[in-house]
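Scroll down for the structure; my scribbles are underneath it.
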Amino acid sequence: MSQKPNIASLVGTWTYRSFINNPDSSVAFNDLEFGQGTIRLDETPFGVIHGVIGGPGWSLELNGSINYGTPFQVRFQGKGDVSGHEWIYDYIGYVVPPWPNGVDQRPAMVGSIVRTIPHPSNGSVAPAGVVASWIAVRQDDPHV
């Protein structure tokens, strides 16, 4: 799958994972999970991002923008109602440029996420302001 420097290369389905920013290298990798799901980015006008991010039991509508440069920058906000509670997260990320010597490089985005407002989570409150890192890897999508 080749990467193309245009918004059409972002349209489609991406596997999303986010990680707690813990510098302790003794923490097991699986204990760093912040979230996981799927991002679907829709075809939109030049410079606009719209889509959905979600997983089992949650879904947020994405709205934002892409800024062209090296690398491309994406910035979007996810908002939605999850079990009767508003969730809002803000994302900033960068489209990973293709390596000239890369072999079978998949399109990917990497970035940072912040929980914008608190919300209930597993019997407690997930506080606002928590920052994590994220990665999204483009899936094969025969419809794009």
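Of note:
- Once all protein chains are placed together, THR70 keeps about 140 Å² accessible to a 1.4 angstrom probe.
- Label-point separation in nm, GLN105 to ALA28, each point 7 Å along Cα→Cβ: 3.4 nm
- Over all directions, the projected convex hull of the C-alpha atoms in the chain averages 9.9 nm² in area.
- Note on the chain: antiparallel DSSP beta bridges, both residues inside, total approximately 100 percent of the bridges counted.
- With Cα atoms as the point set, segment 10-83 shows a radius of gyration and Dmax of 14.6, 45 Å.
- Charge dipole of the chain (Cα centre as origin; +1 on each Lys and Arg Cβ, -1 on each Asp and Glu Cβ, all else neutral): 240 debye, rounded to the nearest 20.
- Summed side-chain charge close to PHE34 - residues other than PHE34 whose Cβ falls under 12 Å, Lys, Arg +1, Asp, Glu -1: 0
The values are calculated or read from the model by the stated rules, or taken from the named source; none is laboratory data. Source: prediction; values computed, not measured. Quick reminder, even Gly has a Cβ in these numbers, built from the backbone with ideal geometry, and neighbours come from all protein chains shown. Each accessible area value is taken on the protein alone, full model and side chains, heavy atoms only, with ligands, DNA and RNA left out. Shrake-Rupley method; radii C 1.70, N 1.55, O 1.52, S 1.80 Å.
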